[in-house]
Every structure is written in structure tokens, then in C-alpha cells.
Amino acid sequence: MNLLEHGAVIGAALIVTWAVTPLVRLVGGRLGVVAHAGGRHVHTGSIPRVGGVAMFVGFAAAMIVRLAGERLWGWRPVLSEGGMLVLGVFGALAIMFAVGLLDDVLELRPGHKFLGQLAAALVAYWAGARIDFVGDPLGGGIIMLGLLSIPVTLLWMTGFANVINLIDGLDGLAAGVSAIAAVSLMLLAEQSNQALAALFAAALVGACLGFLRYNFHPASVFMGDSGALFLGFTLSCIALLGVMKSVAAITLVVPLLIIGVPVFDTLSAIVRRRRHGRPIQEADRGHIHHRLLGRGFNQRQTVLIIYVWSIALAVGGYAMRWVPVTYKIVTFLVLAGLSGLMAYWLGLLEAAHHDDE
């Protein structure tokens, strides 16, 4: 896939998302699907939270442009010869998007919402997006997972979806972090000759950039669960279809490092809540973005700091895929150490205010 094809896909997703977002914002406001100020939210007023609809439409439009290129302009066949893998994975993405949209509009019960996420993950697994093996870190070669492939893959997919959802707390944060991760995964997939993963990543980059026009501070629309779950789930599928095709033992670490900030934030929240006797699922104001705001940074500065952190981790993840083993270990330790210092400085493991306080 050459630069022209990538550019067309990114451009299509960007332009369509950019064009559709104002309409989606208007409809969301009219229907009362809005985020109100208060609690963990740091915005003022009521803001429509159905921007994920525009992102999904932009992503789908990029797929149409890609298919047109293959049929009319002689592009390499990726979608047209992808068969059930393409149909199944795109269907799974649509299911995850629909689950998020239903939650935005109807506020699903947590159990129902999770069942919907599992359904999307099972469809993707059935289509062929799965973790069948992991690299053996000791003896080389691979370790076949067998039946464990199912729970491991489902955990991977739902975990990715929810860590992006959890970090979606400031204007432009989730969309920007997802775009950074998608760029890194796109490059890795392209260099590994995994064309479908590279295509999905390019479309995701365009959708995120088009949406950021309206979502960066001061945001006039939020992506909602329809956007956050869709972004996280798509990133998980891209990782499975691209980076995870390698037999290298480091393969599992690379995607986790590329989306390291949301993963780190989620793990910190789990440890923090257990440490202070709070239920793991209970929301609080102790996330990375809350802590940075508490340090005196404004919204834009906080988001830009997290962008820089995300870029550093993404570059590290990209580098770890190719460099010799010694450099992999050094890179990981340096990035982990810096993230640990950041956690200490921000007090991520210290008690946080909760919505009922």
C-alpha cells in the first residue's frame, strides 16, 4: 500500500468526519443526548456526546473509498479479497459502536453493556482476529494457547475498548491518544505487510483528526461511549491483525506500550481503589488528567502533556519491535521508570475524591 492510497484513506475519513460532526452535534443536542457538568466532568454547560457517530461514519466512508480504489483504480486488493475476515471484523466494529451508542442514548446497565462488548469480541474472534499463540520468552519459538485463545482474546479486546473509554475525560484526550497509537500501529502493520491492519489504522487516524477539529478544547461535542468503545476496540483489532502476527516474545508488550498511558492510568486506578478500600468499578477523580489539573495545568496543557507522554511510549513501542533484545529491555525499563516517576509525582496511587464526596 503506497502513500497515495494511505493518504486517500486518511483524507476520506478526516473530511467525512469533519463534515458530519456538526450535524451529529445538532441532532444530539436536539434529542437531549448530552453530557452535563458536575461529578468527574470538568466542562461547563451541556455538550452533545454522540460524536462517535461521526467518527464511525468517517471510518466507513474510508472503507468505501478503499473499495472504490481497488475496483476502479487498480489499488492492491485488501477489502475486495478479504472475505469473511473483513466482513466479520467490520461487523464486530459496528456492533461495538452500536453498544456504545445505545449506552449514550439509553444508559445501559453495566452487565448489558459488557455482554454487548463480549458479543462484538466473539464476532471478531470468529472472523479470525485472535491470539492463537504467544512468543516463548525463554526458549524462543511459540506457545500455542489452544482453548485459552478465546478468553485471552476476549480480555484483550474488551480491555482495549474500556481503557480508551476510561481516559476519555478531557477535551481531545481520547481522540488524540488514539490517533497517536493508530499512527504507530499503522507503520508497524505496513512494515509487517499486514495490509488490512494498516488500512484500519489509517482510517482511524483520519477519523480522529477530523473529530479533533470540534473536540479539542473548548470542545463543542464529545465522542461518548459510541466513540471511545469504537476507538479502543478498533485499536485492539488492528493490533491482533498487524503487530500480533509476529512470533516474537515481545509482541504482546508492543501494543500495550503503544497505548501505554490509558493502560497505565487504568492499572493505577485499580491499585489505588483496592489500596484504599474502594470498589474497583467506582469512579473517582484520581485519573492522570485529574491529577495534572490539580497540579495547576489547564485543560489544553494537560492534554498536550499526555500527548507527549503517549508519543514517547508509542515511539518506544515501535522501536522495541525492531531493535535487538538488549535494546528492547533497556527501552522498556527506561519508559517504565519514567512512567513510574510520573505516577509518583502525580500521586496516582494516593486516595482520590469520589463523585459522592
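The values are calculated or read from the model by the stated rules, or taken from the named source; none is laboratory data. Predicted, not measured: the structure shown is a model, and the values here were computed from it. Backbone-built Cβ (ideal geometry, glycine too); neighbour counts: all protein chains shown.
Among the residues of the stretch 33-41, is any in a loop (DSSP other than H, G, I, E, B), surrounded by 14 or more Cβ atoms within 10 Å (Cβ to Cβ) and touching a residue at least 24 places away in the same chain (Cβ under 8 Å)? So far as the stretch 33-41 goes, yes, one or more of its residues are in a loop (DSSP other than H, G, I, E, B), surrounded by 14 or more Cβ atoms within 10 Å (Cβ to Cβ) and touching a residue at least 24 places away in the same chain (Cβ under 8 Å). Of the residues that make up the stretch 314-328, is at least one in contact with a Lys or Arg (Cβ under 7 Å, 6 or more places away or on another chain), touching a residue at least 12 places away in the same chain (Cβ under 8 Å) and outside any loop (DSSP other than H, G, I, E, B)? Yes - at least one qualifying residue is present in the stretch 314-328. The numbered conditions (1) more than 15 Å from the chain's Cα centre (by Cα); (2) modelled with pLDDT of 90 or more; (3) farther than 30 Å from Glu107 by Cα; (4) surrounded by fewer than 24 Cβ atoms within 10 Å (Cβ to Cβ) are all true for Arg213 except (3). Here is the figure for the stretch 264-302: residues that are aliphatic (A, V, I, L, M) and modelled with pLDDT of 90 or more total 3. Of the residues making up the stretch 305-333, those that are touching a helix residue (DSSP H, G or I) at 6+ places or on another chain (Cβ under 9 Å) and over 17 Å from Val253 (Cβ atoms) number 5. Filtering the stretch 192-202 down to residues that are touching a residue at least 40 places away in the same chain (Cβ under 8 Å) and of a type outside the set (Gly, Ala, Ser), which residue is surrounded by the most Cβ atoms within 10 Å (Cβ to Cβ)? For the stretch 192-202, the residue satisfying everything is Phe200. When Val24, Val9 are checked against the criterion of being crowded, with 23+ Cβ neighbours inside 10 Å, in contact with a Lys or Arg (Cβ under 8 Å, 6 or more places away or on another chain) and not in a loop (DSSP other than H, G, I, E, B), Val9 stands alone in meeting it. With respect to (1) out of contact with any His (no Cβ under 8 Å at 6 or more places or on another chain); (2) buried (at least 18 other Cβ atoms within 10 Å of the Cβ); (3) over 21 Å from Ala197 (Cα atoms), the lone exception for Arg274 is condition (2).
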